[in-house]
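**Student:** Handing you this structure, nothing more for now.
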Amino acid sequence: MSRQLQRTAFVLPALVMLAVFFLYPLFEAVRLSFTDSSGLGDYQYVGFDNYIRILTRSRYYESFGVTLAFVAIVVVCQTLMGLAFATALHAMPAIRNICRTALFMPAMMSFIIVGYVWSFILSPFSGGLNALLDLVGLGALKTEWLGTPTLALVLVALVHVWMFTGYTCAIFLAGFANIPPEIEEAAVLDGAGGWKRFLLIQLPLLAPSFTVNIMLSTIGTMKTFELPFIMTKGGPDGATQTIGLLIVQTLFTDYRFGLASALSVVLLLVVLAVAFVQNRVLRQREDLI
Amino acid sequence: MSPSPAALLRPMLRLAKHALVLALVGIMLLPVFYMVLMSFRHGQDIVNHPLALPEHWSLSNYANAYEKMSYLRSILNSLGITLAVTLAVSFVGALAAYPLARSTGVLTQTIVSILSLCLATPSFVTITPIYTIFARIGLLDSYLGIILAFTALNLPLSVFFYTSFMRAIPKELEEAAELDGCSPFSTFRHIILPLLGPATATLSLFVMLMVWNDFVYPLLLLTDSSKYTVMMSVYHFVGNHNLNPEELFPASVLGSLPLLILFLIFQRQIVNGITAGAVK
């Protein structure tokens, strides 16, 4: 056996694991998506019925819309907040490390715990937020935070942002550290002020960090279901029912495996398409600069 | 000569900016402080005065949560599973990365595409077929089953991670070993493997975060409460209806404490490792 072939054989254990735990399950998901399987027992092939159902019922479009809104809020807010903190901390070496660590802490907690704690903070009765509003004389703003449809979606997304702002900030700080100091010094010598330096030097040179942050937060949130699962169970009135949560509920509450598989296949295709397009666009943007 | 007002103003402005950023970071951490402070209070006290500090620092909430969650047992479960998954995923991952790091052929590209596809697949898509396989071969509700499932889940990341790490290792090292008559496996074993320490340390952080915090896999694959991971214990103890603050807060603190302590000790390595992993 040639050396090349021997070395290639090293990939085999990994390939076997991926085949058993990813490729076969994916194949099964595609197969089941053409059936009316309900978990146990017999099932029949129903052709494209599940897909037609998804394409013709407004319920599924609404769920994709919720997911899209969730992703948009998270990507925009998380990128902006992470960038704001990183820009400030980049200029403040004395407190940079301690703030980076502090901001990162929520990312070490699990979705379950973050969901629990924020559910309680936002609860209308003994929750912390309403009490805080009372305390500062803004009692008029008190409301049932997670019981109001639009508000619930925004808040659940913002909790996600709260969790991962430190992560985004750390990636931007690493990007700042990669900007050669000579460039910034030259700009200072040329008399460029803070804003001008930020817009003309730092922002363009951070392009790779933008790519990583936007792609990570998009792909991470497109399949999210954990926070809505804990905080709102998809309510009120489906306002926070992301496609991920809809699949989990179709699967484990309704036991409609066929339909859930079809939804999964559609979600996976959307994720792959978005990842492909984003990668293209963001990398092109990097090359332009 | 006294300094001009502008020269005096500048350091003060700088100080004010620092104070502002510190305050904003403090506000971001409020929910964490809130969680810790509330964990000591009685439910009735929280209802009466939602924002008050603990009336007394009683540990009775904790004693109750500790016992009902089988806390120690679940910590040991999480630790053991993390250790086993780290060992398995770093060995299988590094082995696969070795040829991938040195070739750009069609086969390599195919394998990289498969890995990307796996990375993008949500875990709830694959969980039901895995459940069915496990039920058929008797791996449901076993440590081996959950370890295999988590290993597979972390494998794509691990392969990518080691591949980029190994590309930085000079080719000459391997070539010298080959000239000395080492087989590919013994080159891997004696030359490459000893260099992977730092990469494996970082990878183990990812594994630990996932094993500690994931709850899709254990929720379905483990039913025996003596095998629960920490997050399973928290979830089964607190539930998903009518949250009781006397249970919710101490369980949340106990559930996050080990990772937060670990994080505060190794914060530099962890943040650097995770961002480096993301940037590559």
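**Student:** Which pairs do you get when a residue that is under 18 Å from B:Ala251 (Cα atoms), found in the stretch B:24-37, comes within reach of a residue that is assigned to a helix (DSSP H, G or I) and polar (S, T, N, Q), reach meaning Cβ atoms under 6 angstrom, with the pair 6+ apart or on two chains?
**Tutor:** Partner pairs satisfying both residue conditions: B:Met35/B:Ser252.
**Student:** Here is a further query. Which of the residues that make up the stretch A:250-280 are among the charged types (D, E, K, R) and part of a helix (DSSP H, G or I)?
**Tutor:** A:Arg280
**Student:** Could you please find all residues in the stretch B:230-278 being more than 10 Å from every other protein chain (Cβ to nearest Cβ) and among the hydroxyl-bearing types (Ser, Thr, Tyr)?
**Tutor:** B:Ser233
**Student:** Going through the stretch A:120-167 one residue at a time, which ones are within 10 Å of chain B (Cβ to nearest Cβ) and part of a loop (DSSP other than H, G, I, E, B)?
**Tutor:** A:Ser123, A:Phe125, A:Ser126, A:Gly127 - these are the residues of the stretch A:120-167 that are within 10 Å of chain B (Cβ to nearest Cβ) and part of a loop (DSSP other than H, G, I, E, B).
**Student:** Inside the stretch A:137-193, can you point out the residues that are of a type in the set (Val, Ile, Thr) and closer than 16 Å to A:Val71 by Cα?
**Tutor:** Selection gives A:Thr150, A:Val154, A:Val156, A:Val159, A:Val161, A:Thr165, A:Thr168.
**Student:** Are any residues in the stretch B:130-145 of a type in the set (Val, Ile, Thr) and either outside the structural domain of B:Ser78 (by TED's automatic domain parsing) or over 23 Å from the mean Cα position of the chain (by Cα) (or both), and if so, which ones?
**Tutor:** Selection gives B:Thr132, B:Ile133, B:Ile137.
**Student:** Looking at this structure, is A:Gly244 touching an Asp or Glu at 6+ places or on another chain (Cβ under 6 Å), in contact (Cβ under 8 Å) with a residue 12 or more places away in the chain and surrounded by 22 or more Cβ atoms within 10 Å (Cβ to Cβ)?
**Tutor:** For A:Gly244, the condition - touching an Asp or Glu at 6+ places or on another chain (Cβ under 6 Å), in contact (Cβ under 8 Å) with a residue 12 or more places away in the chain and surrounded by 22 or more Cβ atoms within 10 Å (Cβ to Cβ) - is not met.
**Student:** Could you say which residue among B:Ser74, B:Ser78, B:Ser58 is closer than 17 Å to B:Leu254 by Cβ, in contact with a Phe, Trp or Tyr (Cβ under 7 Å, 6 or more places away or on another chain) and not assigned by TED's automatic domain parsing to the domain that holds B:Met231?
**Tutor:** B:Ser58
**Student:** While we're here: Have a look at A:Leu12, A:Leu5, A:Leu32 and point out the one that is touching a Gly at 6+ places or on another chain (Cβ under 7 Å) and not hydroxyl-bearing (Ser, Thr, Tyr).
**Tutor:** Being touching a Gly at 6+ places or on another chain (Cβ under 7 Å) and not hydroxyl-bearing (Ser, Thr, Tyr) holds for just one of A:Leu12, A:Leu5, A:Leu32, which is A:Leu32.
**Student:** Next up: Quick one: in the stretch A:247-269, of everything that is more than 9 Å from every other protein chain (Cβ to nearest Cβ) and surrounded by 16 or more Cβ atoms within 10 Å (Cβ to Cβ), which residue is nearest to B:Leu117 (Cα to Cα)?
**Tutor:** A:Val266
**Student:** Restricting to the stretch B:237-255, what's the tally of residues that are outside any loop (DSSP other than H, G, I, E, B) and touching a residue at least 60 places away in the same chain (Cβ under 8 Å)?
**Tutor:** 10
Table: residues versus (1) small (Gly, Ala, Ser); (2) touching a helix residue (DSSP H, G or I) at 6+ places or on another chain (Cβ under 8 Å).
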position: A:Ala170; (1), (2): yes, yes
position: A:Phe176; (1), (2): no, yes
position: A:Glu182; (1), (2): no, no
position: A:Leu206; (1), (2): no, yes
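**Student:** Would you point out which residue out of A:Val117, A:Val136, A:Val66, A:Val76 is without any contact (Cβ under 8 Å) to a residue 24 or more places away in the chain, more than 30 Å from A:Phe198 (Cβ to Cβ) and under 20 Å from the mean Cα position of the chain (by Cα)?
**Tutor:** A:Val117
**Student:** Take the stretch B:104-119 and flag every residue that is out of contact with any Leu (no Cβ under 6 Å at 6 or more places or on another chain) and either over 17 Å from A:Met17 (Cβ atoms) or of a type in the set (S, T, N, Q) (or both).
**Tutor:** Within the stretch B:104-119, B:Thr104, B:Gly105, B:Val106, B:Leu107, B:Gln109, B:Thr110, B:Ser113, B:Ser116 meet the criteria.
**Student:** Checking the condition closer than 26 Å to A:Ala84 by Cα and modelled with pLDDT under 90, which residue from A:Lys196, A:Lys223 passes?
**Tutor:** Just a single option satisfies the conditions, and that option is A:Lys196.
**Student:** Here's a check for you: in the stretch B:126-143, which residue that is within 10 Å of chain A (Cβ to nearest Cβ) and closer than 16 Å to B:Val216 by Cα is surrounded by the fewest Cβ atoms within 10 Å (Cβ to Cβ)?
**Tutor:** B:Thr132
**Student:** Say whether the condition of being touching a helix residue (DSSP H, G or I) at 6+ places or on another chain (Cβ under 7 Å), modelled with pLDDT of 85 or more and either of a type in the set (S, T, N, Q) or not assigned by TED's automatic domain parsing to the domain that holds B:Thr229 (or both) is met by at least one residue in the stretch B:97-109.
**Tutor:** The answer is no, given that none of the residues of the stretch B:97-109 is touching a helix residue (DSSP H, G or I) at 6+ places or on another chain (Cβ under 7 Å), modelled with pLDDT of 85 or more and either of a type in the set (S, T, N, Q) or not assigned by TED's automatic domain parsing to the domain that holds B:Thr229 (or both).
**Student:** Please list, ordered by first then second residue, the pairs with beta carbon atoms under 7 Å, 6 or more apart or interchain, first in the stretch B:67-92 and within 30 Å of B:Glu246 (Cβ to Cβ), second not in a helix (DSSP H, G or I).
**Tutor:** B:Ser74/B:Tyr228; B:Ser74/B:Thr229; B:Asn77/B:Tyr228; B:Asn77/B:Thr229; B:Ser78/B:Thr229; B:Ile81/B:Thr229
**Student:** On to the next question. At least 2 residues that are of a type in the set (A, V, I, L, M) and facing another protein chain (nearest Cβ under 10 Å) in each: list the helices (runs of 4 or more DSSP H) lying fully within the stretch A:1-97 that qualify.
**Tutor:** Ranges flagged: A:12-18, A:24-32, A:58-90.
The values are calculated or read from the model by the stated rules, or taken from the named source; none is laboratory data. This one's a predicted model, so the numbers in the text were calculated from it and none came from an experiment. Backbone-built Cβ (ideal geometry, glycine too); neighbour counts: all protein chains shown.
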